[in-house]
Amino acid sequence: MTLFMTFAINGALQGLLYALVAIGFSVIYRASKVFNIAQGELVVLGGFLVWLTVTEWALPLYLALPLSLALAVVGGWLIEGIFFKRLIGEQVFAMVMMSIALLIFMRGFMLVVFGPDVRAFPAIFPSKPIIFHGVLIIRPLLIGGILTVLIAFGLSYFFNRTRAGLSLTAVAEDHRTAMDLGISVRRASQVAWILGMVLAMVGAVVTMNGNSINFLASGIGFIAIPVALLAGLEAITGMLLAGILIGVTERLTAGYIDPLIGANFASVFPLLLMLLILTFRPSGFFGWKTIERI
């Protein structure tokens, strides 16, 4: 029973980390109508910004983290200005193709700037595990889980209860309509990408804390896609439940099923779930349902 609880609790916390990355999908989509396939690359870029300020420049944490945050804000602003500024009002297909182009560009950019070597990532959070009645809890994941819950409810309140947040949400419905209502689509897009980049940096700190980083760490973005699809792209708080479900199932599969079949089925499970969601519930369990008249 102790082993089961260890798998389940750490799986839930890992799932909340997936949810944090998935919230980045939601924030960018809700305010710019772009499904950012390159969100995993944003996580890696955010991680490299933290590595640069903490390790390479050897700044103390109280200076390095605010500077990393400022650089993340600038990075999100530049990405929007360079890649998506001219796509406002264009078809969704054009935005998807630009998102794919961004993924390819960012991988090449990070490979050129930071190189292919695996680098040690600084330990921002204490890594000593918590042991409670024999159940081992990974401390960075616990801290990350708490941060994810706070961020999710904060952003949900912002998008659903504030005038600024509702204005951003209107952009996701239709760029032309939003502009007719006097909403600045350009400003909404900038805010979306800045928030997405900041969330990616927070996710990187939790994911890579005390471990390592290279440009291949972007795989977490693809694992987070099923979380976003299961909850629905518009459902920020729903992603908490979706992330926990996927994280627990993945960890239990790795702990009990994989040793029996001698294969790494746990790594395939999220992708299999994504196919099932797209087949039977493409809008997710908590997402908005769109009715179109023909």
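Every read-out reported here was derived from the displayed coordinates using simple, explicitly stated rules and does not represent laboratory data. Predicted, not measured: the structure shown is a model, and the values here were computed from it. Here the Cβ is made from the backbone with ideal geometry for all residues, glycine too, and neighbour counts use every protein chain on show.
Taking amide H as placed 1.01 Å from N in the peptide plane, the amide H of S212 sits under 5 Å from that of F121, each at least 5 places away or on another chain. Residues whose amide H lies under 5 Å from that of V34, counting only those 5 or more places away or on a different chain, are Y29; hydrogens are built 1.01 Å from N in the peptide plane. Taking amide H atoms as placed 1.01 Å from N in the peptide plane, the amide H of I137 lies under 5 Å from those of I130, I131, F132, each 5 or more residues away in sequence or on another chain.
Taken about its Cα centre, the chain carries a charge dipole of roughly 400 debye when the Cβ of each Lys and Arg holds +1 and the Cβ of each Asp and Glu holds -1. Excluding the site residues themselves, the longest part of the chain lacking any GluC sites (Glu not before Pro) in a DSSP loop with at most 14 other Cβ atoms within 10 Å is 91-291. Each Cα pair under 8 Å and six or more residues apart adds its sequence gap; the mean of these over the residue count of segment 2-219 is a relative contact order of 44 percent. Of the labelled figures (i) 133; (ii) 159; (iii) 145, only one reflects volume of the Cα convex hull per residue in Å³ as derived from the coordinates, namely (iii). Each residue of segment 117-128 was assigned a 3J(HN,Hα) from its phi angle through the Karplus curve 6.51 cos²θ - 1.76 cosθ + 1.60 (θ = phi - 60°); the sequence is 5, 7, 10, 6, 8, x, 8, 6, 9, x, 9, 5 Hz, with glycine and proline shown as x. When the helices of the chain are scored as -39500 (n - 2.57) per DSSP H run of n ≥ 4 and the total is divided over every residue, the value at 222 nm lands at -22000 deg cm²/dmol.
Computed from backbone phi, the HN-Hα couplings of segment 241-249 come to 5, 4, x, 4, 4, 5, x, 5, 5 Hz, rounded to whole numbers (Karplus: 6.51 cos²θ - 1.76 cosθ + 1.60, θ = phi - 60°; Gly and Pro given as x).
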